[in-house]
């Protein structure tokens, strides 16, 4: 029997809901056990903006409320998961990128040869120069420090980046392929019925 793959996907107030939900759902369809973890603004240097209110749910960028599986803690380590995912959304990305424990975990996953997937989000993990992509709005923050690409999905060893809501399906399917193989990617994409010629 194949080993069960496990992924942890972070969420915060202001996370882009499509990037979260499409990724979570696609991985579950592949048989990957997913855990969503809520990152609070309590330990960040964010302003006391009242647009998003912490609660038993995360209020996403377009107002969709999602109940996370657990609260974020430092013990979501790479010995327990095969994949760490960080979706974007401006406010959510700010909260997550300002959290020093999250950024430490990113480096831990990379060093342990476990996958890290990021969509859109600003990167503050001091990773070595490599290929990556992001939402166009944060390109200027990254292009001098990394080999910037405008591809929909960029795989750089165990670091996988993507651009925004519209690239989330190829991002999620790429993660499925990396963890479970090309055949599993086909098995998952087929019943989704993507139009002919699209990214599946």
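Could you grab me the full set of residues in the range 6-21 that are crowded, with 21+ Cβ neighbours inside 10 Å and either free of Cβ contacts under 8 Å to residues at least 60 places away in the same chain or part of a loop (DSSP other than H, G, I, E, B) (or both)? Passing the criteria: 12, 13, 14, 15, 16. Evaluating residue 117 against the criteria (1) at pLDDT 95 or above; (2) in a helix (DSSP H, G or I); (3) within 16 Å of residue 15 (Cβ to Cβ) leaves one unmet condition, (2). Residues that are modelled with pLDDT of 95 or more and not in a loop (DSSP other than H, G, I, E, B) are absent from the range 91-103 altogether. Condition first: assigned to a strand (DSSP E or B) and surrounded by 13 or more Cβ atoms within 10 Å (Cβ to Cβ). Now tell me which residues in the range 56-70 satisfy that. Answer for the range 56-70, where residues must be assigned to a strand (DSSP E or B) and surrounded by 13 or more Cβ atoms within 10 Å (Cβ to Cβ): 58, 59, 66. Suppose the filter is surrounded by 15 or more Cβ atoms within 10 Å (Cβ to Cβ), part of a loop (DSSP other than H, G, I, E, B) and at pLDDT below 95; does residue 46 pass it? Judged against the criteria, residue 46 is a match. With the range 130-200 as the region, which helices (runs of 4 or more DSSP H) entirely inside it contain at least 1 residues that are under 19 Å from the mean Cα position of the chain (by Cα), crowded, with 16+ Cβ neighbours inside 10 Å and at pLDDT below 95? Once the helices (runs of 4 or more DSSP H) in the range 130-200 are filtered for at least 1 residues that are under 19 Å from the mean Cα position of the chain (by Cα), crowded, with 16+ Cβ neighbours inside 10 Å and at pLDDT below 95, what remains is 139-142. Does residue 35 satisfy being modelled with pLDDT of 95 or more and either under 21 Å from residue 82 (Cβ atoms) or assigned to a loop (DSSP other than H, G, I, E, B) (or both)? Yes, satisfied.
Return yes when residue 51 is in contact with a strand residue (DSSP E or B) (Cβ under 9 Å, 6 or more places away or on another chain), at pLDDT below 95 and over 24 Å from residue 170 (Cβ atoms) and no when it is not. Talk me through it step by step, then tell me what you get.
Details: in contact with a strand residue (DSSP E or B) (Cβ under 9 Å, 6 or more places away or on another chain): yes; at pLDDT below 95: yes; over 24 Å from residue 170 (Cβ atoms): yes.
So residue 51 passes the test.
The values are calculated or read from the model by the stated rules, or taken from the named source; none is laboratory data. No experiment lies behind these values; they were computed from the predicted model shown. Every residue, glycine as well, gets a Cβ built from its backbone with ideal geometry; the counts of neighbours run over all protein chains shown.
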